Amino acid sequence: MNERTTVSRIESVIMHRREIPLVRPFVTAVRTAYTVDALLVEVQDSDGRSGWGEAPTSWRVTGESHASVTAAIEGPLYEAIRGMPVEDPVAVSAALERAVVRNSSARMAVDCAVYDLAARQADLPLYRYLGGERDVVRTDMTVSAAATGREVDELVRSAVRHVDDGFTTVKVKVGAGTDDRTVVAAVRAAVGPEVALRVDANQAWQPEQAVRIISAWEDDGIGVEFVEQPVHRDDVAGLAHVTEVVSTPILADETVWARRDLREVLRVRAADLINVKLAKTGGLREAIELAVLARQNEVGVVIGCMSETHVGIAAAAALASAVAPDEPQDLDAGLWLVSSPAQGGVLYQAELLRLSGEPGTGILGLRR
């Protein structure tokens, strides 16, 4: 009988930076991006294994930069968990949360890397370690917001190309300056009635403006599955007003980071669904508990992502398998990259994400 006589412990944290071009510019109501400047985190244990995580950075979303993430990880976060057993990622995650205030992307990277290690030690794929059964999840495909008439034409053509490539759910970014009502109507006319159409305003509208635009889509029979974050993240009352007045489901993104935010949304019934992102929750432990609380209160769950590589997407897809396996997710970020920085891990096949059957995330290392 070969019983384990030693406990695998967290030994070191290594930071890796990769700049990866996008296949096309990514345009939202708040920014335009041409590359992903990825900060990837490798946590090593005393048995010589590596677990992988990613820290998406955005001043406008998480308020973090490469410098702040590096300082947080190499300083208080590493100090808080150095020597802790890999077998208990929940305790590690709690220690990370106690070590710093906010810094959610930094915590996400280390938290996910430790969960990856724990799953590898258990010899289970990460999605199975988290309680999931399906090794395939679906994603929508996002089309960028348009600021000019010419960009609207390209937006519509892009939506059609994605549908031709096999995507059955398309998310349209709005709020960049064009007539949002006509933009979404043009996409619907081009892709046909069978495609699920989602809209993301990225906080661009005032509450009454949101009601007016969404009501117009309802009157025109456009058929929008949901509208994401129509108003400013702090305007919970405004979000609740929109949710109450319109028939189209409203999804809260930037408004809900963790359970404390969801409880306020639940108190005033400010949204019908929430977008759970690891960069907001600070990692898998809080994300799972957030999804459970939402479902207990009949609030829908969509697993989303930031501008991330396949490293961050691997953890998010495993989460999706565990907590929301039936719905199309919002995990298309890897499809925007010219290439993946990782060897192994998740594989995109049009709208399908195939999760690795290898232990953990299945990531073998980084490409040079």
Residue in the range 342-368 that is surrounded by the fewest Cβ atoms within 10 Å (Cβ to Cβ), counting only those that are free of Cβ contacts under 8 Å to residues at least 12 places away in the same chain and in a strand (DSSP E or B): GLN349
Qualifying positions in the range 287-305 - open to solvent by 10 Å² or more (accessible area, probe 1.4 Å) and either in contact with a strand residue (DSSP E or B) (Cβ under 9 Å, 6 or more places away or on another chain) or not in a loop (DSSP other than H, G, I, E, B) (or both): ILE288, GLU289, VAL292, LEU293, ARG295, GLN296, GLY300, CYS305
Residue within the range 287-296 that is more than 23 Å from ARG107 (Cα to Cα) and acidic (Asp, Glu) present: no
Conditions (1) open to solvent by 10 Å² or more (accessible area, probe 1.4 Å); (2) at pLDDT 95 or above; (3) under 28 Å from THR255 (Cβ atoms); (4) touching a helix residue (DSSP H, G or I) at 6+ places or on another chain (Cβ under 8 Å): number failed by MET15: (3)
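I need the strands (runs of 3 or more DSSP E) fully contained in the range 1-83, keeping only those with at least 2 residues that are of a type in the set (A, V, I, L, M).
10-27, 32-45
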Count of residues meeting criterion [open to solvent by less than 10 Å² (accessible area, probe 1.4 Å) and more than 24 Å from GLY63 (Cβ to Cβ)] in the range 266-281: 0
Residues (of a type in the set (Gly, Ala, Ser) and either in a helix (DSSP H, G or I) or over 17 Å from PRO230 (Cα atoms) (or both)) located in the range 157-209: SER158, ALA159, GLY166, ALA185, ALA186, ALA189, ALA190, GLY192, ALA196
Criterion: free of Cβ contacts under 8 Å to residues at least 12 places away in the same chain and open to solvent by 20 Å² or more (accessible area, probe 1.4 Å) - qualifying residue of ASP165, ASP179: ASP179
Residue list for the range 133-147, filter: surrounded by 22 or more Cβ atoms within 10 Å (Cβ to Cβ), touching a helix residue (DSSP H, G or I) at 6+ places or on another chain (Cβ under 7 Å) and modelled with pLDDT of 95 or more: VAL137, MET141
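For the range 57-77, state whether one or more residues are open to solvent by 50 Å² or more (accessible area, probe 1.4 Å), modelled with pLDDT of 95 or more and on the phi > 0 side of the Ramachandran plot.
Taking the range 57-77 as the starting set, the residues that turn out to be open to solvent by 50 Å² or more (accessible area, probe 1.4 Å) are 59-60, 67, 71, 74, 76.
If we keep only those that are modelled with pLDDT of 95 or more too, we end up with 67, 71, 74, 76.
Next, from what is left, pick out any that are on the phi > 0 side of the Ramachandran plot: none.
No, the range 57-77 has no match at all.
Table: residues versus (1) hydroxyl-bearing (Ser, Thr, Tyr); (2) farther than 30 Å from THR178 by Cβ; (3) under 17 Å from the mean Cα position of the chain (by Cα).
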residue	(1), (2), (3)
VAL13	no, yes, no
HIS16	no, yes, no
ARG24	no, no, no
THR32	yes, no, no
SER50	yes, yes, no
ARG60	no, no, yes
SER65	yes, yes, no
SER68	yes, yes, no
ILE81	no, yes, no
Out of ALA119, ALA106, ALA95, sole residue that is within 24 Å of THR32 (Cα to Cα), part of a helix (DSSP H, G or I) and open to solvent by less than 20 Å² (accessible area, probe 1.4 Å): ALA106
Subset of the range 37-85 (residues that are in contact with a Ser or Thr (Cβ under 7 Å, 6 or more places away or on another chain) and without any contact (Cβ under 8 Å) to a residue 12 or more places away in the chain): TRP59, SER65
Subset of the range 241-268 that is assigned to a loop (DSSP other than H, G, I, E, B) and either in contact (Cβ under 8 Å) with a residue 60 or more places away in the chain or touching a strand residue (DSSP E or B) at 6+ places or on another chain (Cβ under 7 Å) (or both) - its residue that is farthest from GLN206 (Cα to Cα): TRP257
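The values are calculated or read from the model by the stated rules, or taken from the named source; none is laboratory data. Predicted, not measured: the structure shown is a model, and the values here were computed from it. Positions of Cβ are generated from backbone atoms using ideal geometry, with glycine treated the same way; all protein chains shown enter the neighbour counts. Protein only, heavy atoms only, side chains kept; ligands, DNA and RNA dropped before computing areas. Shrake-Rupley method; radii C 1.70, N 1.55, O 1.52, S 1.80 Å.
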